[in-house]
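Below is one structure; the comments refer to it alone.
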Amino acid sequence: MSVPGIAAGVRVRVGTHTRPFKSLCSASLQDSAQEGVITRDIHRTFPAHDYFKDTGGDGQDSLYKICKAYSVYDEEIGYCQGQSFLAAVLLLHMPEEQAFCVLVKVMYDYGLRNLYRNNFEDLHCKFYQLERLLQVSGGGQDGRAEPGSHYQEQLPDLYAHFVALNLEAHMYASQWFLTLFTAKFPLCMVFHIIDLLLCEGMNIIFNVALALLKTSKEDLLQADFEGALKFFRVQLPKRYRAEENARRLMEQACNIKVPTKKLKKYEREYQAMRDSQLQQEDPIDRYKRENRRLQEASMRLEQENDDLAHELVTSKIALRNDLDQVSAALWAEDKADVLNKELLLTKQKLVETEDEKKRQEEETAQLKEVFRRELEKAEFEIKKTTAIIAEYKQICSQLSMRLEKQQVASKEELDIVKGKVMSCEHCSEVFSKEGTLQMPAVSRDNRDQDIDEEKESLKKQLREMELDLAQTKLQLVEAKCKIQELEHQRGVLMNEIQAAKNSWFSKTLNSIKTVTGAQAQTPAASPKEGM
């Protein structure tokens with residue numbers, strides 16, 4: 001059996017219902033007498049679904065419009081409890097106007113509204129047909145296979161168990177027919193059922209019902225009356241929350257053959273039985289029975305209403321817990337992202353720090369080499385300068401000694417010359433004992449030529465000695481100046497060497513501090529990495 005998409009139902013002659021929808025939405029605001037029931041059901045319809053969970057949201061607003069519009073459109077039936085689930089399923093696949101059209105199509109052309117008419121008479125016929133299908137599945141009244149039977153499910157023992165428990169079909173299958181399984185079962189399963197219904201018609205409900213009963217046979221045979229009702233209400237829908245389980249169930253439902261002739265036969269049996277009951281039954285007994293049935297239906301609906309309310313509260317609590325868990329998970333993911341980013345940044349900084357450390361180590365090595373060379377050069381210059389200073393000091397000492405010797409020699413020569421001069425009668429008159437020239441009283445014109453020549457010779461020797469003395473003193477002064485200059489250069493070189501040493505020491509300390517700071521940051525990042 002092919003299972004087309006639910007949107008295929010929109011193309012099945014629903015255009016005639018499109019036109020009045022907008023007018024029905026506006027009219028329903030005043031003309032719907034079931035507004036309270038609709039409003040109450042809206043909040044109970046798929047309360048955990050994202051589209052319908054927000055009060056006053058788009059989902060609830062569209063669902064409210066469709067339900068009220070239909071209550072005005074179908075004056076005979078109006079809004080019936082559970083219709084909101086079917087409308088919500090349609091809204092999940094199409095706009096609200098198309099969803100309203102498909103809802104009208106299902107209610108009228110597929111015959112769903114007939115189940116609500118004539119005091120649910122047609123619905124009870126469906127219950128009778130389902131019980132007869134259970135009773136004869138795999139065999140007739142005597143246990144033998146019925147002629148022309150197309151299904152092979154072994155369910156008579158389950159039917160007998162239900163009879164022994166006094167468990168009737170209306171106690172567990174009411175919502176299956178009235179809401180098309182939309183009120184209790186997971187959406188992944190409901191979508192398949194609605195697809196099949198739009199393609200095959202209302203009889204597909206029997207296929208799904210028989211498949212559900214067959215897969216749950218072992219559990220139901222072990223349950224008592226209350227356990228069976230609880231199983232249908234709680235455990236059975238939970239079993240098909242997994243999409244794989246729902247898919248297998250639908251495959252099994254499609255493989256079950258429910259002949260239309262058999263259903264027609266059971267429908268005639270039900271009508272004959274009803275007519276016979278009406279003819280034989282006392283009107284008072286019939287009214288009592290109807291009243292009792294209505295009371296049971298009312299109690300069942302109240303129980304279902306309580307179950308729905310409990311499910312609503314449970315769903316909201318679960319939704320809140322899920323939201324809290326999602327928020328916590330999102331916060332944890334955000335925190336993890338932040339920590340990962342910080343970790344990446346820390347690792348990047350660590351790599352950059354290591355690169356900077358290597359670069360600084362290389363620069364430090366280069367600086368050490370440069371400083372070593374400069375230091376060797378400076379030490380060489382110092383040694384050279386020291387040698388030069390020592391040499392100059394030696395030269396100066398030698399010059400001083402030479403000067404002293406020359407001074408002594410000059411003094412001795414001067415004494416000799418003075419002695420000679422003073423021993424000469426002519427010369428003694430010219431020079432005094434102190435060496436000063438004495439001008440004789442006689443006229444210079446009478447001087448002897450020899451005296452003049454000797455005088456000139458002595459003056460020349462004296463000038464030469466004075467000149468030598470002046471040159472020696474000048475060389476001594478120059479040597480002292482040179483020594484001072486070398487001392488100054490030596491001081492400058494020592495200052496430069498000290499400054500170079502201080503600069504190298506400062507850079508080395510900075511490099512050590514930088515490396516130590518980077519290593520201190522690396523352990524600080526490890527707790528984050530562990531988180």
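List of remarks:
- Subset tally (residues that are open to solvent by less than 10 Å² (accessible area, probe 1.4 Å), farther than 17 Å from Arg113 by Cα and of a type outside the set (Phe, Trp, Tyr)) for the stretch 49-89: 4
- Taking the criterion of being aromatic (Phe, Trp, Tyr) and part of a loop (DSSP other than H, G, I, E, B), the only residue of the stretch 197-244 that qualifies is Tyr240.
- A single member of Leu375, Leu367, Leu350, Leu345 is more than 27 Å from Gln498 (Cα to Cα), in contact (Cβ under 8 Å) with a residue 12 or more places away in the chain and in a helix (DSSP H, G or I), and it is Leu350.
- Of all the criteria given as (1) open to solvent by less than 30 Å² (accessible area, probe 1.4 Å); (2) at pLDDT below 90; (3) within 16 Å of Asn207 (Cβ to Cβ); (4) not charged (D, E, K, R), the one not satisfied by His150 is (1).
- Number of the exception - Glu429 against (1) at pLDDT below 80; (2) exposed (fewer than 12 other Cβ atoms within 10 Å of the Cβ); (3) assigned to a helix (DSSP H, G or I): (2)
- Here Ala390 does not fit the description of being modelled with pLDDT of 80 or more, farther than 25 Å from Ile497 by Cα and open to solvent by less than 60 Å² (accessible area, probe 1.4 Å).
Rundown of residues vs (1) farther than 21 Å from Leu178 by Cβ; (2) of a type in the set (S, T, N, Q); (3) modelled with pLDDT of 90 or more; (4) under 43 Å from the mean Cα position of the chain (by Cα), yes/no style:
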position	(1), (2), (3), (4)
Gly36	no, no, no, no
Tyr64	no, no, yes, yes
Tyr79	no, no, no, no
Leu86	no, no, yes, yes
Tyr108	no, no, yes, no
Arg113	no, no, yes, no
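- Some residue of the stretch 41-51 being acidic (Asp, Glu), modelled with pLDDT of 90 or more and assigned to a helix (DSSP H, G or I): no
- Test: Ser327 is open to solvent by less than 90 Å² (accessible area, probe 1.4 Å), among the hydroxyl-bearing types (Ser, Thr, Tyr) and modelled with pLDDT of 75 or more: yes
- Inclusion of Ile193 among residues that are over 19 Å from Leu133 (Cα atoms) and either modelled with pLDDT of 90 or more or not basic (Lys, Arg) (or both) is warranted.
- So Ala297, is it in contact with a His (Cβ under 8 Å, 6 or more places away or on another chain) and either open to solvent by 90 Å² or more (accessible area, probe 1.4 Å) or at pLDDT below 75 (or both): yes
- If you go through the stretch 476-512 and keep only what is of a type in the set (Val, Ile, Thr) and either open to solvent by 80 Å² or more (accessible area, probe 1.4 Å) or under 29 Å from Ser397 (Cα atoms) (or both), you end up with Val477, Ile483, Val492, Ile512.
- For the stretch 216-239, the set of residues classified as among the basic types (Lys, Arg) and more than 15 Å from Glu168 (Cα to Cα) consists of Lys217, Lys238, Arg239, listed by residue number.
- Per the listing Gln252, Gln271, the residue uniquely surrounded by fewer than 15 Cβ atoms within 10 Å (Cβ to Cβ) and not in a loop (DSSP other than H, G, I, E, B) is Gln271.
The values are calculated or read from the model by the stated rules, or taken from the named source; none is laboratory data. Model, not experiment: these values are computed from the prediction. Virtual Cβ from ideal backbone geometry, glycine too; neighbours counted across all protein chains shown. Surface areas here come from the heavy atoms of the whole protein model, side chains and all, with no ligands, DNA or RNA. Shrake-Rupley method; radii C 1.70, N 1.55, O 1.52, S 1.80 Å.
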